[in-house]
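The values are calculated or read from the model by the stated rules, or taken from the named source; none is laboratory data. What you see is a predicted model, and the numbers here were worked out from it, not measured in a lab. For neighbour counting, all protein chains shown are included, and Cβ atoms are generated from backbone atoms with ideal geometry for every residue, glycine included. Surface areas here come from the heavy atoms of the whole protein model, side chains and all, with no ligands, DNA or RNA. Shrake-Rupley method; radii C 1.70, N 1.55, O 1.52, S 1.80 Å.
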Amino acid sequence: MTHIILRSIFGFIGLVAMLLTSCDTTDDPVAYVEQTYLFWTSASDHAILRASLDVTTGDAVFIDTLYAANDGVFSPAAIVVDKAAAVLYWTDYGTGDIVRAPALRKGSMEVLYTIPADMPGPVGLTLDEVQQRLYWTQPWNDLILGAPASGGGTVDTVLSASSGVDGGWGIALQTEAGSLYWVEYLDVELNRTWLDGTGVVQTLYAGGSGFLRPFSVAVDGDALYIVDNPIPGTALPDRILRGDAGGAAPLTTLYDVGVDNAYALAVDTRQGMLYWVNQQEEGSIWRGRVQGGTTPAKVIDRVRLGQGLAVATLRIKSTEL
């Protein structure tokens, strides 16, 4: 595994010491730490990558290529993390696969589901960690599907074109409320449904609400965040927007600086930080406070055709850093 050292080794040792949280004195005397990671997908590099983040500054400490073409990665799109299990899930729209693999690079990739060749996708992906279910979008045939995260289960159609789905892309869960959110880049909408089987769909924000071509959505408590990626030449720049999870408040622009052909965003709830991935100029990952009002900062360069992004704090053995 290739490591790119971005900070001094002494600073990293200090980070480990600062993050020391517990020690199992029964079976394993090795100390455990909590480490925050960014995970992203690169369609051009056919890879799943990971960056360790400094707990104080949010800067990248190491960048690892976890899985690559020789492991079977082809055209990865969205990525999510099961934090408790330290497991990654991602969609590969080139192979039509939903894939699972360890987040700490201790195992092989496992294909959970494969979409039939006549059904393009999948793209967007989200995980219900409590119910252990995956939900994903297939924009080109207007489907939102769900299946057990363990693999081998029945793939259910949650919503389809008959429910009004038109170009659904990014997707997110509000687990406590049992609600599912998604954005439609064709219909230019942000919608919500409930996972109670009723099939009720509520449009929270439409094009006139302030976005032109949304591709990603994230929900954190009562707030939601949208990546708006308008077609070049339109009146509005690419932006990160904030709204209300119930649609009660108008959308506001958090960031338009540092947003350049962005396709995915993720929320670090512990640090109150937003991260998003751009595709222009070989790509980059930026961050900014969830409340806005500050100048965003670039975290990582050379993210080639980044499509998916996730942030997670995982509990690991200090010997595995």
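Restricted to the range 29-50, and to residues there that are more than 14 Å from Ile285 (Cβ to Cβ) and of a type in the set (Gly, Ala, Ser), the residue that is most open to solvent (accessible area, probe 1.4 Å) is Ser44. With respect to the conditions (1) within 16 Å of the chain's Cα centre (by Cα); (2) more than 30 Å from Tyr93 (Cβ to Cβ), Lys317 falls short on a single one, namely (1). The residue that is least open to solvent (accessible area, probe 1.4 Å), counting only those in the range 236-255 that are part of a loop (DSSP other than H, G, I, E, B) and either in contact with a Gly (Cβ under 9 Å, 6 or more places away or on another chain) or aromatic (Phe, Trp, Tyr) (or both), is Ala245. For Val111, the conditions (1) open to solvent by less than 60 Å² (accessible area, probe 1.4 Å); (2) modelled with pLDDT of 95 or more; (3) among the aliphatic types (A, V, I, L, M) are fulfilled apart from (1). Within the range 150-177, being over 19 Å from the mean Cα position of the chain (by Cα), surrounded by 15 or more Cβ atoms within 10 Å (Cβ to Cβ) and in a strand (DSSP E or B) holds for Val158, Leu159.
I want to confirm something. Restricting to the range 197-214 and keeping residues that are outside any loop (DSSP other than H, G, I, E, B) and of a type in the set (Ser, Thr, Tyr), which single residue is least open to solvent (accessible area, probe 1.4 Å)?
Tyr205
Scanning the range 51-71 for residues that are in a strand (DSSP E or B) and open to solvent by 20 Å² or more (accessible area, probe 1.4 Å) gives Phe62, Ile63, Thr65.
Looking only at residues in the range 140-149 that are open to solvent by 30 Å² or more (accessible area, probe 1.4 Å) and touching a strand residue (DSSP E or B) at 6+ places or on another chain (Cβ under 8 Å), the one that is modelled with the highest pLDDT is Pro148.
Search the range 115-139 for residues being over 20 Å from the mean Cα position of the chain (by Cα) and surrounded by 13 or more Cβ atoms within 10 Å (Cβ to Cβ), and hand back the single one that is farthest from Gly72 (Cα to Cα). Checking each candidate, the answer is Met119. Screening Phe74 with (1) out of contact with any Asp or Glu (no Cβ under 6 Å at 6 or more places or on another chain); (2) open to solvent by 50 Å² or more (accessible area, probe 1.4 Å) gives one miss only, at (1). I'd like the full set of residues that are within 15 Å of the chain's Cα centre (by Cα) and of a type in the set (S, T, N, Q), limited to the range 80-114. Selection gives Thr91 alone. Every test in (1) open to solvent by less than 40 Å² (accessible area, probe 1.4 Å); (2) farther than 28 Å from Gln131 by Cα; (3) in a strand (DSSP E or B) is passed by Arg192 save one, and that test is (2).
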